[in-house]
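Working notes, structure below.
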Amino acid sequence: MTVASHRPVAREIQHALDLIHSAKKPVILAGHGISISGAGDVVRKFAERTNIPVATTLLGIGAFPASHPLNLGMMGMHGEAWVNTAIQEADLLLAFGMRFDDRVTGNLKTYALNAKKIHIDIDPAEINKNVRVDVGLVGDLKETLEELMPQIENCDKSEWNAYVNGLKGDAAVRDIQNLPDNGHLYAAHVINDIWRATEGKAIVVTDVGQHQMWEAQYYKHDDDRSLITSGGLGTMGFALPAAIGAKIACPDAEVWVVVGDGGFQMTCPELATVVQEHLDINIAIINNGFLGMVRQWQEFFYDKRYAATPISGPNFAKLADAFGIPAATVTKRSDVEGAVESARRQKRAALIDFQVEQEDSVYPMVPAGADLHKMIRRPSPIVETAAD
Ligand SMILES: Cc1cc2nc3c(=O)[nH]c(=O)nc-3n(C[C@H](O)[C@H](O)[C@H](O)COP(=O)(O)OP(=O)(O)OC[C@H]3O[C@@H](n4cnc5c(N)ncnc54)[C@H](O)[C@@H]3O)c2cc1C
Ligand SMILES: Cc1ncc(C[n+]2csc(CCOP(=O)(O)OP(=O)(O)O)c2C)c(N)n1
Ligand SMILES: [Mg+2]
């Protein structure tokens, strides 16, 4: 293949068009470059005209609306199983401003072997870096798609879409909000309840770990840049300072921090900045008493040898109180909604310490370097867990 330099050349554009129009099982891989390029609208028009389903990276969440019928959800290590299966069975992948991170591909030797690949990226170094592609279009995504659009024909991919939707099975209705309360508090419940209370319209800033993945799974983002999260660097301690930035940049937005008990302790002195600058930020600590994501790997791959992952912490509500921030501690699902609404009503910062199940894990999971379709599934679906 050839890589067109900086402005895609006609031959490469034609090759891409041929692949798009002849594909029977295509998937768009929507990445962070969509937001950076401001290409959200043209990506939506492209997907609708070609009828191609869309999988997002973690950093692509929100760049294509979660509620759009063509949105499959997040791909990769903690993506939904049907999304990864669709990618593995696809005959064409269209990578839009994403860089095939190892959390996205799993084992490169078995990654989407049946698929032709088109990669549109502004950085020539990204083309063929991790995954070899058939067409590499180097350029700004919005400009490149706008150039392609007049030549894109309406496509009927209804058979493929029906097949992919069928893959969702029961997992698609992992509708946890209507389940009976069994006395357990799951992080998934908390995040889903925050999503419902905020009608999906908040800017959510997460830290790094299990709570970050549950946020990606259970808060449905329809708006671009409404999820701010540390992806590639995965820097614990990111959430609170980043939320301060988000609130100052968007003072009228409702801003929520979703943070683990470990990461919060890394940058919690910034509560002083929150108070000093009179910032109305709501902080949800997903407190599981562990460096949870590391504990999960120890459970799955190291015989539950929980070395250095059980962590202590202060009484977070008292800590908030010391800063003059109103706070609550929640241990029961029935108290989640009231605490969230009370935090939202305050016209200043508020903090909630959600003391969730300690040894819950994020499912599904592709073990690092494993084949993308070989996911570890939840032993019993959360539907059953929550109802037992
Ligand atoms: C605990 C943990 C678990 C994770 N699990 C997952 C997971 O399950 N699934 C997942 O997807 N991610 C996961 N991640 C995140 C992952 O590590 C990467 O950060 C993420 O996949 C990168 O997404 P991206 O390629 O869309 O964004 P980026 O890394 O930001 O790449 C953006 C790409 O767009 C290009 N670009 C920029 N501007 C433009 C433009 N104007 N026009 C065209 N192209 C442009 C860039 O050159 C780059 O190639 C996880 C991270 C952590 C910390
Ligand atoms: C600064 C930093 N140190 C270590 C890590 C490795 N790491 C990734 S997730 C994680 C655990 C996070 O624990 P917590 O903040 O409690 O969130 P949880 O996973 O329990 O939701 C660790 C230690 C990291 N990403 N960043
Ligand atoms: Mg934790």
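Along the principal axes of its C-alpha atoms, what lengths does region 37-119 span, in descending order and rounded to whole Å?
Rounded to whole Å, the extents work out to 34, 23, 23 Å.
In the chain, if the dipole is taken from +1 on Lys/Arg beta carbons and -1 on Asp/Glu beta carbons about the Cα centre, which of A284, A322, F264 is farthest to the positive end?
Of A284, A322, F264, it is F264.
Of all the C-alpha pairs in region 132-252, what % are more than 25 Å from each other?
Details: 3638 of 7260 pairs.
Roughly 50 percent, rounded to a whole number.
Report the convex hull volume per residue for region 51-203, counting only C-alpha atoms, in Å³. List each step's numbers first, then the result.
Values: hull volume 22.4 nm³, N = 153.
So the per-residue hull volume is 146 Å³.
Note the per residue figure in Å³ for the convex hull of the C-alpha positions in region 97-143.
For region 97-143, the hull spanned by Cα atoms encloses 69 Å³ per residue.
Taking the simple approach of a point 7 Å from Cα along Cα-to-Cβ for both K304 and R49, what is their distance in nm?
Here the modelled spin labels are 5.6 nm apart.
Provide the descending list of Cα extents for region 80-124 along its principal axes, expressed in whole angstroms.
Reported extents, whole Å, longest axis first: 29, 21, 20.
From the Cα gyration tensor of region 209-251, with a ≥ b ≥ c the square roots of its eigenvalues, which class applies: rounded if a/c is under 1.5, or else prolate if a/b is larger than b/c, or else oblate? Spell out each step's value before the answer.
Details: a/c = 2.10, a/b = 1.13, b/c = 1.85.
Judged from the Cα gyration tensor, region 209-251 comes out oblate (a/c at least 1.5, b/c at or above a/b).
At 10 °C and 1.306 mPa s, what whole-number value in µm²/s does Stokes-Einstein give for the translational diffusion of region 232-388, with Rh from the Kirkwood sum over Cα pairs? Present the calculation step by step, with values, prior to reporting the outcome.
Details: Rh = 17.2 Å.
Translational D for this selection: 92 µm²/s.
So if we plug the beta-carbon distance of K129 and V275 into 1/(1 + (r/R0)^6) with R0 = 30 Å, what FRET efficiency do we get, rounded to 0.05? Spell out each step's value before the answer.
Working: r = 44 Å, r/R0 = 1.47.
Result of the calculation: an efficiency of 0.10.
Say R0 is 41 Å: what FRET efficiency, to the nearest 0.05, do E337 and Q14 get from their beta-carbon distance? Present the calculation step by step, with values, prior to reporting the outcome.
Details: r = 55 Å, r/R0 = 1.34.
Working from the Cβ atoms, E equals 0.15.
Given +1 on the Cβ of Lys and Arg, -1 on the Cβ of Asp and Glu, and no further charges, what dipole in debye does region 1-159 carry about its Cα centre, rounded to the nearest 20? Can you show the working numbers first?
Numbers: 16 positive and 20 negative charges, 52 e Å.
Dipole size: approximately 260 debye.
Under the rule of -39500 (n - 2.57) per DSSP H run of 4 or more residues, summed and divided by the residues of the chain, what mean residue ellipticity at 222 nm is obtained, to the nearest 500 deg cm²/dmol? Each step should come with its number before you reach the end.
Numbers: 16 runs with 138 residues, N = 388.
Calculated from helices alone, the mean residue ellipticity at 222 nm is -10000 deg cm²/dmol.
Among DSSP bridges having both ends in the chain, what percentage is antiparallel? Round to the nearest 5.
Working: 2 of 47 bridges.
Once the DSSP bridges in the chain are tallied, antiparallel ones form about 5 percent.
Name the residue from V83, G60, A125 whose Cα lies farthest towards the positive end of the charge dipole of region 39-154, charges +1 on Cβ of Lys and Arg and -1 on Cβ of Asp and Glu.
Most positive-ward Cα: V83.
Filter the cross-link list K109/K201; K109/K247; K45/K201 down to pairs whose alpha-carbon distance in this structure exceeds 31 Å. Mind showing how you got there, number by number?
Details: K109/K201 39 Å; K109/K247 43 Å; K45/K201 22 Å.
Cα-Cα > 31 Å for K109/K201; K109/K247; rest within.
Any idea how far apart N154 and Q346 come out in nm if each label point goes 7 Å out from Cα toward Cβ?
Taking the simple label geometry, N154 and Q346 are separated by 5.3 nm.
Which value, in debye to the nearest 20, describes the size of the charge dipole of the chain about its Cα centre when Lys and Arg Cβ atoms bear +1, Asp and Glu Cβ atoms bear -1, and nothing else is charged? Write down the numbers at each step before the final one.
Details: 36 positive and 49 negative charges, 98 e Å.
With only Lys, Arg, Asp and Glu charged at Cβ, the dipole is about 460 debye.
Kindly provide the pair-distance distribution of the chain built from C-alpha pairs, with 10 Å bins from 0 and whole-percent values in order of increasing distance.
5, 23, 31, 23, 13, 4, 0
Evaluate the distance, in nm, between pseudo-label points positioned 7 Å from the Cα of T110 and of C250 along their respective Cα→Cβ axes.
The modelled label-to-label distance comes out at 3.9 nm.
Over every pair of different alpha-carbon atoms in region 294-336, take the mean of 1/r and invert it; report that Kirkwood radius in Å. Walk me through the numbers on the way to the answer.
Values: mean 1/r = 0.0767 Å⁻¹.
Value: 13.0 Å, from the Cα pair sum.
Out of the trypsin sites (Lys or Arg not before Pro) in region 274-340, which ones are loop residues according to DSSP with at most 16 other C-beta atoms within 10 Å? Don't skip to the end; give the middle numbers.
Details: sites: R295, K304, R305, K318, K332, R333; in loops: K304, R305, K332.
Counting only loop positions with at most 16 other Cβ atoms within 10 Å, the trypsin sites (Lys or Arg not before Pro) in region 274-340 are K304, R305, K332.
In debye, nearest 20, what is the charge dipole magnitude of region 117-162 about its Cα centre with +1 on Lys and Arg Cβ and -1 on Asp and Glu Cβ, if you could check? Before the final figure, lay out the partial values.
On the way: 5 positive and 11 negative charges, 53 e Å.
For this selection, approximately 260 debye.
Counting only the heavy atoms of the protein chains, how much of K25 is accessible to a 1.4 Å probe, in Å² to the nearest 10?
Using a 1.4 Å probe on the heavy atoms, I get roughly 80 Å².
The values are calculated or read from the model by the stated rules, or taken from the named source; none is laboratory data. Quick caveat, the model's predicted, so the values are computed rather than measured. FYI the Cβ positions are ideal-geometry reconstructions off the backbone, even for glycines, and counts take in every protein chain you see. We work out accessible area using only protein heavy atoms, side chains counted, and drop any ligands, DNA or RNA first. Shrake-Rupley method; radii C 1.70, N 1.55, O 1.52, S 1.80 Å.
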